[in-house]
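Presented below is the structure to which this report refers.
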Amino acid sequence: MDETRGAAPLAPLLAVPLATALSAGLIVLLKPLLQRYALARPNARSSHKVPTPQGGGIAIVGAALGAAALLAAFLGMGLHGTEGAALALAVLVLAGVGAVDDIRPLPASLRLVVQAGAVAAVVATVQGHILPEGWAWLERPTALVAGLWFVNLVNFMDGLDWMTVAEFVPLTAFLALLGAAGGYAPEATLVAGALLGGLIGFAPFNRPVARLFMGDVGSLPVGLILAWLLFRLAAEGGLTAALILPLYPVADATLTLLWRMRRGEKVWQAHRSHFYQVATVNGFSLMGVVTRVFAVQGALAGLALITLLWPSWPVTLLGLVLAAGLVGWLLRLFATPRPQIMKGANR
């Protein structure tokens, strides 16, 4: 075991509390500025009723990058060559574009071009391969499309207080613990722990009813970091686990997009058609929605672990089927009006 691999168990133990403190501290310092310059006013996509400051994601991203950089130097860890520089630069570019968009909305075409460039930089430099050698020509274009979609779906799924926390705290906690046990690359473990800490530090301020939203300055770069973490997991032999871990947000966002396209809607416009948003109309409380999402994401992490511990095709198939069934059950539950609401409507 080399020195870097030996430092892996320490990485999340140090990164999580450090990034948590940095994230919460940055929010306290920046909130007056966000209150003045980055108010989110209710629109067609909103679940809130009053103007609320957004942009708290700058603290998540700043804390994650800061904690990862500090601890990488302290523990003698670092990303391979240009990979780390490309990831950090792409994250900062997306954060910058998101910050501008939070204050003064940018054209959708411009946002998409910048996002594609940021994802392409990461895809071009990321270490490892998922597909067999004969299919290598297909891997990078597929990763580019998947990465671009993942960046946007994380943004789309950030439409309810604590939703991003419920979706991605279990995922990042799983990756940090996996790395602490020696089952994940040390550098990726460090980044996962730092992002986990950033999300935890943000959580008290986004607790329903939220006093602060993440905004595009956070959701876009967080989506890119998560996409990179999942690619690295897949490249290390955990493809099934990488597919299972984000399955709820991927399924919700993808099915919603497809149905909106089928209905001929302008998919780039604000809306409230996601399953988790429809659930609040169908009688679920906000906490009822995010609690169920958190529980399902935790269960998906358990299924992902099983596929890593017993890597055989029957276990892989069973894990995928159970994960799809669990997510399908939750989507159906959210889409179904609660009986007491229907009873009240008939009175």
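The values are calculated or read from the model by the stated rules, or taken from the named source; none is laboratory data. Nothing here was measured: the structure is a model prediction, and the numbers come from that model. Positions of Cβ are backbone-derived with ideal geometry, glycine not excepted, and every protein chain shown enters the neighbour counts. Protein only, heavy atoms only, side chains kept; ligands, DNA and RNA dropped before computing areas. Shrake-Rupley method; radii C 1.70, N 1.55, O 1.52, S 1.80 Å.
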Out of (1) at pLDDT 90 or above; (2) closer than 20 Å to GLY147 by Cα; (3) surrounded by fewer than 17 Cβ atoms within 10 Å (Cβ to Cβ), the odd one out for VAL91 is which?
(3)
Considering only residues of the range 215-262 that are without any contact (Cβ under 8 Å) to a residue 40 or more places away in the chain and among the charged types (D, E, K, R), which is nearest to ALA335 (Cα to Cα)?
ARG260
Which residues, counting only those in the range 265-293, are closer than 27 Å to ALA108 by Cα and of a type outside the set (D, E, K, R)?
VAL267, TRP268, GLN269, ALA270, HIS271, SER273, HIS274, PHE275, TYR276, GLN277, VAL278
Taking the range 309-333 and keeping only residues that are open to solvent by less than 40 Å² (accessible area, probe 1.4 Å) and either closer than 20 Å to GLY237 by Cα or among the charged types (D, E, K, R) (or both), one is left with VAL315, THR316, GLY319, ALA323
Conditions (1) modelled with pLDDT under 85; (2) touching a helix residue (DSSP H, G or I) at 6+ places or on another chain (Cβ under 8 Å); (3) within 30 Å of ILE103 (Cα to Cα) -> THR52 fails only (2)
So which pairs qualify, if the first residue must be in the range 127-140 and under 17 Å from LEU87 (Cβ atoms), the second must be among the charged types (D, E, K, R), the Cβ gap must be under 8 Å, and the two must be at least 6 apart or on different chains?
GLN127/GLU83; GLN127/ARG232; GLY128/ARG232; GLY128/GLU236
Candidates ALA304, ALA323 - the one that is touching a Phe, Trp or Tyr at 6+ places or on another chain (Cβ under 8 Å), under 26 Å from LEU257 (Cβ atoms), assigned to a helix (DSSP H, G or I) and among the small types (Gly, Ala, Ser):
ALA304
